[in-house]
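See below for the structure under consideration.
The values are calculated or read from the model by the stated rules, or taken from the named source; none is laboratory data. Note that the structure is a prediction, hence the values are computed from the model and not measured. Here the Cβ is made from the backbone with ideal geometry for all residues, glycine too, and neighbour counts use every protein chain on show. What goes into the accessible areas is simple: the full protein's heavy atoms, side chains included, and nothing from ligands, DNA or RNA. Shrake-Rupley method; radii C 1.70, N 1.55, O 1.52, S 1.80 Å.
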Amino acid sequence: MTSSAPSSSSAEVKPVSVLFVCLGNICRSPMAEGVFRSLTHYGTPSQHPLISKIDSCGTGAYHTNSQPDPRTLSVLAEHGIKDYKHKARKLRAPKDFDEFDYVIGMDGENMVDLEEADRRGIASGGEPITGRLRLFGLFGGKNEDEEVGDPYYGGRDGFEVAYEQVVRCGNGLLEHIEESARSRGWKGETQKAA
């Protein structure tokens, strides 16, 4: 797993990497990636010290090398995230499982696909990712089975709903990462969204 971000406040607490996963990597997971990058000031001098890497991918290769859906980009821009760039890619299992501390699925079908990819990796001699594989809704504060629904086939309003969810779940994920680090001796300040 990578840890190339600025060092954290406590030497024993290493920064974590986060991979957001949906089906095609043009709607929900790039939106979650863009929001989480914004929440953590990723790639700036004030980058959150507990975050080393943020990326997103899809379980399918339907849109490989495509830009995010224009509705994803317009919703992000409307909320002040205007510099987000991404090209869709497919999950690279087991490489992504080895590289990321958190593998975050957007819905139950994504989780089934990720669990199946994990099983194939274990059968090939890889390490299980069970403790690092999570449904994004777990961090949303409503119920742990909450899914970020796929807005692709609907109108722009579905993208607004997804945006509200990924902001709420992203804040919850960041709080979880900070609480976990505090339990291991991190003494840094909690970072709140603007």
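The table for this structure:
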| quantity | calculated |
| --- | --- |
| Restricting the range 142-157 to residues that are of a type outside the set (K, R) and in contact (Cβ under 8 Å) with a residue 40 or more places away in the chain, the residue that is farthest from S74 (Cα to Cα) | E147 |
| Single residue of R71, R132 found to be touching a Pro at 6+ places or on another chain (Cβ under 8 Å) and surrounded by 14 or more Cβ atoms within 10 Å (Cβ to Cβ) | R71 |
| Meets criteria (surrounded by fewer than 18 Cβ atoms within 10 Å (Cβ to Cβ) and farther than 25 Å from I51 by Cβ) for G155 | yes |
| Matching residues, the range 159-189, being under 18 Å from R28 (Cβ atoms) and free of Cβ contacts under 8 Å to residues at least 12 places away in the same chain | E164 |
| Residue that is farthest from E147 (Cα to Cα) [pool: residues in the range 98-114 that are surrounded by 15 or more Cβ atoms within 10 Å (Cβ to Cβ) and acidic (D, E)] | E99 |
| Residue pairs meeting the criteria (Cβ under 7 Å; at least 6 apart or on separate chains; first under 16 Å from G105 (Cα atoms) and free of Cβ contacts under 8 Å to residues at least 60 places away in the same chain, in the range 120-141; second surrounded by 19 or more Cβ atoms within 10 Å (Cβ to Cβ) and among the aliphatic types (A, V, I, L, M)) | I129/V103; R132/V103; L133/V103; L133/L114; R134/I104; L135/M111; G137/V148; F139/L173 |
| Check on G126, in contact with a Pro (Cβ under 8 Å, 6 or more places away or on another chain) and either closer than 20 Å to A181 by Cα or assigned to a loop (DSSP other than H, G, I, E, B) (or both) | yes |
| Yes/no for I122 being among the β-branched types (V, I, T), modelled with pLDDT under 95 and touching a Phe, Trp or Tyr at 6+ places or on another chain (Cβ under 8 Å) | no |
| Any hit, the range 84-97, residues being part of a helix (DSSP H, G or I), open to solvent by less than 60 Å² (accessible area, probe 1.4 Å) and either among the basic types (K, R) or touching a residue at least 12 places away in the same chain (Cβ under 8 Å) (or both) | yes |
| Those residues of the range 159-170 which are open to solvent by less than 10 Å² (accessible area, probe 1.4 Å) and under 18 Å from I51 (Cβ atoms), in sequence order | V166, C169, G170 |
| Residue in the range 171-181 that is farther than 30 Å from D69 by Cα, open to solvent by 40 Å² or more (accessible area, probe 1.4 Å) and part of a helix (DSSP H, G or I) present | yes |
| Residue in the range 53-63 that is more than 13 Å from the chain's Cα centre (by Cα) and surrounded by 23 or more Cβ atoms within 10 Å (Cβ to Cβ) present | yes |
